Amino acid sequence: MKIESILAPERTFCHINTRSKKNAIEKAATLISESMPSLDSHNVFKKLIEREKLGPTALGHGIAVPHCRIEGCSNIIGSLFTLDTPVDFAAFDDTPVNIMFVLLVPVHEVDDHLKAMAMLAERFESSQYRKNLRDAKTGQELFERALSA
């Protein structure tokens with residue numbers, strides 16, 4: 001799976017102002033639903049928070065991948081955010097999160113969900129990739145940097 005198959009410029013946001021994990025997820029849900037009117041922001045928020053309660057989605061190194069299965073989603077949707085202020089996502093390495101990749105998955109999708117998670121984990125393992133994302137100044141620049149390996 002390639003990142004460009006799930007991420008689009010209109011779902012890539014730089015320097016989002018947040019106060020907490022809940023606030024970051026709420027803002028992400030709102031921004032995603034603004035670019036995808038078929039998805040209700042309250043439902044996206046609810047589903048992401050429900051999944052987060054099962055266990056943290058932080059990968060370490062300041063990265064989190066909140067994800068959920070959601071009705072009304074016909075294909076996997078990714079959205080990338082950098083946060084102005086790092087927030088606690090209960091990461092195993094105790095590093096606050098300042099890069100968040102939200103993944104919304106159709107209810108019955110399993111294989112591609114796992115492929116998307118594996119692809120993201122591999123990308124975020126690279127310290128240079130993480131640095132490039134953190135150094136982006138605009139949403140468009142963040143999107144372009146996200147596509148480069």
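Residues in segment 62-75 that are touching a helix residue (DSSP H, G or I) at 6+ places or on another chain (Cβ under 6 Å) and either among the acidic types (Asp, Glu) or more than 16 Å from Glu26 (Cα to Cα) (or both): how many?
Here the count works out to 1.
Exactly one condition in (1) part of a loop (DSSP other than H, G, I, E, B); (2) of a type in the set (Lys, Arg); (3) at pLDDT 95 or above is not met by Arg19; state its number.
It is condition (3) that Arg19 fails.
Identify, by number, the condition in (1) under 12 Å from Leu80 (Cβ atoms); (2) modelled with pLDDT under 95 that Arg69 doesn't meet.
Result: Arg69 fails condition (1) only.
Examine segment 74-86 for a residue that is small (Gly, Ala, Ser), part of a loop (DSSP other than H, G, I, E, B) and either farther than 29 Å from Lys131 by Cα or in contact (Cβ under 8 Å) with a residue 12 or more places away in the chain (or both), and state whether such a residue exists.
yes
Among the residues of segment 65-103, which ones are farther than 18 Å from Leu114 by Cβ, crowded, with 16+ Cβ neighbours inside 10 Å and among the aliphatic types (A, V, I, L, M)?
The answer is Leu80, Leu83, Val87, Ala91, Val97, Ile99, Met100.
Here is a check on your reading of the model: is Val44 closer than 22 Å to Pro9 by Cα, touching a Phe, Trp or Tyr at 6+ places or on another chain (Cβ under 7 Å) and not basic (Lys, Arg)?
No: the conditions fail for Val44.
Mind checking which pairs have a first residue in segment 19-37 that is closer than 15 Å to Glu50 by Cβ and a second that is polar (S, T, N, Q) and surrounded by 22 or more Cβ atoms within 10 Å (Cβ to Cβ), Cβ under 7 Å, 6 or more apart or different chains?
Matching pairs, first to second residue: Ala28/Ser79.
Can you name the condition, by its number, that Glu125 falls short on among (1) farther than 19 Å from Pro96 by Cβ; (2) surrounded by fewer than 17 Cβ atoms within 10 Å (Cβ to Cβ); (3) not hydroxyl-bearing (Ser, Thr, Tyr)?
Among (1) farther than 19 Å from Pro96 by Cβ; (2) surrounded by fewer than 17 Cβ atoms within 10 Å (Cβ to Cβ); (3) not hydroxyl-bearing (Ser, Thr, Tyr), Glu125 violates only (1).
Within segment 113-146, restricting attention to residues that are of a type in the set (Gly, Ala, Ser) and touching a Ser or Thr at 6+ places or on another chain (Cβ under 7 Å), which residue is nearest to Ile77 (Cα to Cα)?
Among those residues, the one meeting the criterion is Ala146.
Can you find a residue that is in contact with a Lys or Arg (Cβ under 8 Å, 6 or more places away or on another chain), closer than 21 Å to Phe89 by Cβ and in a loop (DSSP other than H, G, I, E, B) anywhere in segment 46-58?
Yes, some residue in segment 46-58 is in contact with a Lys or Arg (Cβ under 8 Å, 6 or more places away or on another chain), closer than 21 Å to Phe89 by Cβ and in a loop (DSSP other than H, G, I, E, B).
Listed here are the residues, each with its yes/no results for (1) within 13 Å of Leu59 (Cβ to Cβ); (2) assigned to a strand (DSSP E or B); (3) touching a Pro at 6+ places or on another chain (Cβ under 6 Å).
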| position | (1), (2), (3) |
| --- | --- |
| Leu104 | no, yes, no |
| Leu114 | no, no, no |
| Ala121 | yes, no, no |
| Arg130 | yes, no, no |
| Leu142 | no, no, no |
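The values are calculated or read from the model by the stated rules, or taken from the named source; none is laboratory data. This structure is a prediction, so every number in the text was calculated from the model and none was measured. FYI the Cβ positions are ideal-geometry reconstructions off the backbone, even for glycines, and counts take in every protein chain you see.
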